[in-house]
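Each reported figure results from applying straightforward, stated rules to the coordinates on display, with no laboratory input. Note that this is a predicted model, so its numbers are computed, not measured. Cβ placement follows ideal geometry from the backbone for every residue including glycine, while neighbour counts extend to all protein chains displayed.
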Amino acid sequence: MPASPLGSAPSCPCCNFVSGGGLFLPWNEEGGSNDDVGGSTSQDLSLSAHVIAPREAWDRILALHRDTNESHRNILLVDSHGHPHLQREVQYSHDDDDLALANAWVISLTCAVSPADWKDALEYASQSPHILPALGIHPWYLGDIMIDDIENPDNCADIHIEKYISWDWLTDLETHLSEHPRLLVGEIGLCKMARFVREFPKDKGGKAAALQLQKLVFSRQMELAARYSRPVTVHCVNAHGIFMEVLWEILRKMKDSSAEGGDEKDERKRCRNAFPPAIAMHSFTGTAHHVDEIMAFERALLRPEELADAGGKRRRQIQIQQRHESLIENSDTLRKNAEKDVMFYFGFSHSVNHLMCTSEKARKRGMDAVRSVPKDRLLVESDVHASVDVTLGTAGACAYAAHVRGVSIEDVAKLSVKNGLRFLSSLGSIPSS
Ligand SMILES: [Zn+2]
Ligand SMILES: [Zn+2]
């Protein structure tokens, strides 16, 4: 395990992430700039009956900055997932210049999707100390690492699926992680909707083989992220079952390799270290039930004593109670939870979770999921493909989450900055107890 990367300033520009002025890293709960976000919805800030447009949302967030005398409150948004280095299609209209300056108030993560854009992501991140890079292989782009001339097996079972892939990229990814101490891993994941899955050749095993390949590539990247103690940003669409399988397999593997009768504390630490320090489910399209299942896995991993004596009924009661607690503003439990080791986060975007969600049923299901996310796990993200869209995309995500959860945009902005900085600061930070 490499030493914590936050101790000394890295020499590479892409990882020179706000290290100069010590703006916020390493961030801690006590020194955080948003101590009041555990509070209830501010009375003087109006709630929205509909999703406020991104531009208006940004103006409100900016007004918050202008109204405050606290000079340290200079990070207004944390964009926990996007691809601005791709500089592809612009999504939001920009009619004035002040938005060009807006990125100065935004901390953002730019996520590569395939080895083909890793260099661009690192270069883009090196332009500003407010940008962190993430490298990985997105489940849509597995074609980029497939071996073209593999012989068609008469019987698919005869050939191990691993041989479909050229694995050089994994060594390259590891090299990048060792060279760049503040590099995250992403975008990685699982996606049943990917063209790669839908069009995977039947003679190579069809859809089932494609999903197995996604699972394999995802698992390898999770292992690497755990080994280098880097947070991951995960795309999981229509693949919740496989995602849970991967989590349990990692845990089972670790438990199987542990010596019998070992110290329980050590065993728990080993199991925790088998996972990345933080896992953000980005533009989360799962259901409230999926949120519960993921949170239950985290409790089983990090706080097994809470469930140890709990039977099925009691376990369900605990889950309901914890959900309820997460909805109570000003709750002491939340403050305590925030100080604990936390693993999972859930990010929502204006572009995917609001604009692309067109059916009434999906919209309702999505809103239930947003509401079920514990307060200390909520992230916002732009998920955009052009740098000019980062600010409005993230402000739009705040507007969406505020609308769904019935709180003000300003409160969501403050909360998501706090959570976002905790997520990004989890680099090399797994607690030892
Ligand atoms: Zn994605
Ligand atoms: Zn993305």
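Neighbouring Cβ atoms within 10 Å as the yardstick, rank I61, I147 fewest first. Numbers along the way, then the final one.
Values: I61 25, I147 10.
Placing the least packed residue first, the sequence is I147, I61.
The residue among H160, H180, C191 whose Cα reaches farthest toward the positive pole of the charge dipole of the stretch 158-197, with charges on the beta-carbon of Lys, Arg, Asp and Glu, is C191.
If the limit is 18 Å between Cα atoms, which of K192/K215; K215/K255; K192/K375; K265/K375; K163/K192 go over it?
On the way: K192/K215 11 Å; K215/K255 20 Å; K192/K375 29 Å; K265/K375 28 Å; K163/K192 21 Å.
In this structure, K215/K255; K192/K375; K265/K375; K163/K192 lie more than 18 Å apart at Cα.
Annotation: the residues R88, R60, sorted from fewest to most other C-beta atoms within 10 Å of their own C-beta, follow the order R88, R60.
Ranked by the mean number of other Cβ atoms within 10 Å per residue, highest first, peptides 185-193, 371-379 order as 185-193, 371-379.
Ordered by the number of other Cβ atoms lying within 10 Å of each residue's own Cβ, fewest first, I250, I131 fall into the sequence I250, I131.
For the stretch 221-246 versus the stretch 110-127, the inter-centroid distance based on Cα atoms is 20 Å. Between amide H atoms placed 1.01 Å from N, distances below 5 Å from L379 occur with F346, G347, F348, all of them 5 or more places distant or on a separate chain.
How would you rank 355-364, 278-287, 164-173, highest first, on the average number of other Cβ atoms within 10 Å across their residues?
Numbers: 355-364: 11.3, 278-287: 24.2, 164-173: 15.7.
The most tightly packed comes first, giving 278-287, 164-173, 355-364.
Peptides 383-391, 198-206, 115-123, 296-304 ranked from most to least packed, by the mean per-residue count of other Cβ atoms within 10 Å: 383-391, 115-123, 296-304, 198-206. Placing a label point 7 Å from the Cα of A362 along the Cα-to-Cβ direction, the residues of the stretch 227-245 whose backbone N falls under 19 Å from that point are 235-241.
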